[in-house]
Amino acid sequence: MPSTLKTEGLVLRSIRYGEADRIVHLYTPQQGRVGAIAKGARRSRSRFGARLEPFMQVDLVLHVGRGDLATVTGVETVLARPRLRESAATLDCAARACDAVSRLFETGEPHPEVYALLTNELTLLASGPAAARPENQLAFRLKLLLAAGIVPALGACVSCGEREHLTGFSAAAGGVVCSACESGSFPLPQAAYEFMVAALGNSLAAVPEALTPALAVADRAIRETAEYHAGVRLRPLPLAA
């Protein structure tokens, strides 16, 4: 039976459809990812205005029928974060964050902690270009893996339990491996290991800095983990040489 759903949500993506409509991909705290059509949203006098642009945090009224897409019947702005669009760097980081959520959490299963994490990330990025660091993006992705239940084990070798000499990483095994069990792994420098541990243990605003080689290894570990355990390919980060 058709029903009305009222929910807060973040616009992950907005796509032109037909002559005047928009299809929006939303992430909500209690309904997970939701697809909806906003009819007439691209008309100059649309009642939706710019409220359905990417990264907007909104209160929505949706008509839910039998189709795959709900219909947007009402929308009000909760938080616009206009500073996200003042810098190409923050805009790119925000797009990558929304893309990662969209790929890792593509169903209607509720993950309110993911919604809170994404709102925190967008708010941090809206504070200015200084927040658009690769360290921040990697920490965000690690925390997404944690919410998805596939975060790599970092405390001990996943093969034998050794807590020292953790010199390799294996996505297939599920995390770090020691020097005696490193067959099939790739090298994990100490700096990369320490960064991943700190990124998981600190808030997004307090992630420590790291050199590019360490970040590149962490990026590889995160992407290989997502692909092996969730079948999801995350976009590689544009790390400076």
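Values in this text are rule-based calculations from the coordinates and carry no lab data. Bear in mind the structure is a predicted one, so any value in this text is a computation, not a measurement. Note that we place each Cβ from the backbone using ideal geometry, even for glycine, and neighbour counts take in every protein chain shown.
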Quiz item: P(r) of the chain in 10 Å steps, Cα pairs, percent per bin?
Solution: 8, 30, 31, 19, 10, 3, 0
Exercise. Whole Å is fine, so just give me how far the alpha carbon centre of segment 193-216 lies from that of segment 40-94.
Key: 32 Å
Quiz item: Applying the Karplus parametrisation 6.51 cos²θ - 1.76 cosθ + 1.60 with θ = phi - 60° to the phi angles of segment 105-122, what ³J(HN,Hα) value in whole Hz is obtained for each residue in order, glycine and proline being reported as x?
Solution: 10, 9, 9, x, 5, x, 9, x, 5, 6, 4, 5, 5, 5, 5, 5, 5, 5
Quiz prompt | Cysteines without a disulfide-compatible neighbour (Cβ-Cβ under 4.7 Å), the chain | solution = 93, 98, 160, 181
Exercise. State the Kirkwood hydrodynamic radius of segment 1-132 in Å, one decimal place, computed from all pairs of distinct Cα atoms.
Key: 14.9 Å
Exercise. Could you list 6, 143 in order of exposure, starting from the residue whose Cβ has the fewest other Cβ atoms within 10 Å?
Key: 6, 143
Quiz item: Once both axes come from the Cα atoms, what is the angle between helix 134-148 and the longest principal axis of the chain, in degrees from 0 to 90, rounded to 10?
Solution: 80 degrees
Self-check item: Helical mean residue ellipticity (222 nm; -39500 (n - 2.57) per DSSP H run of 4+; nearest 500) of the chain
Solution: -10500 deg cm²/dmol
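Suppose we keep just the DSSP beta bridges with both residues in segment 44-178; what percent of those would be antiparallel, to 5?
On the way: 11 of 12 bridges.
The answer is about 90 percent antiparallel.
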Exercise. Can you tell me the 0 to 90 degree angle between the C-alpha axis of helix 190-201 and the longest principal axis of the chain, rounded to 10?
Key: 40 degrees
Quiz item: So if R0 is 41 Å, what FRET efficiency would residue 53 and residue 197 give, r being the distance between their Cβ atoms, rounded to the nearest 0.05?
Solution: 0.65
Quiz prompt | Residue exposure sequence - 92, 21 - by fewest surrounding Cβ within 10 Å | solution = 92, 21
Quiz item: Can you work out ³J(HN,Hα) from phi for every residue in segment 39-46, in order, using Karplus 6.51 cos²θ - 1.76 cosθ + 1.60 and θ = phi - 60°, giving whole Hz and x for Gly and Pro?
Solution: 6, x, 5, 9, 6, 4, 9, 4
Quiz item: What are the principal axis extents of the Cα atoms in segment 142-241, in Å, biggest first?
Solution: 34, 28, 26
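Note down the net charge around residue 30, summing +1 for each Lys or Arg and -1 for each Asp or Glu among other residues with Cβ under 14 Å from its Cβ. Intermediate values should be presented prior to the final figure.
Values: positive: 6, 33; negative: 8, 59, 109, 113.
Result for the neighbourhood of residue 30: -2.
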Exercise. Treat segment 85-129 as a sphere of radius equal to its Kirkwood radius over Cα pairs and apply Stokes-Einstein at 10 °C in a medium of 1.306 mPa s; give the translational diffusion coefficient in µm²/s, rounded to a whole number.
Key: 143 µm²/s
Quiz item: Dividing the alpha-carbon radius of gyration of segment 31-85 by 2.2 N^0.38 Å (N being the number of residues), what value is obtained?
Solution: 1.17
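Any number yet on Rg/Rh for segment 167-225, C-alpha, Kirkwood?
Details: Rg = 11.4 Å, Rh = 11.7 Å.
We get a ratio of 0.98 for segment 167-225.
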Self-check item: Simple spin-label estimate for residue 79 and residue 6 in nanometres, 7 Å along Cα-Cβ
Solution: 2.1 nm
Exercise. Could you order peptides 166-177, 98-109 by the average number of other Cβ atoms within 10 Å of their residues, highest first?
Key: 166-177, 98-109
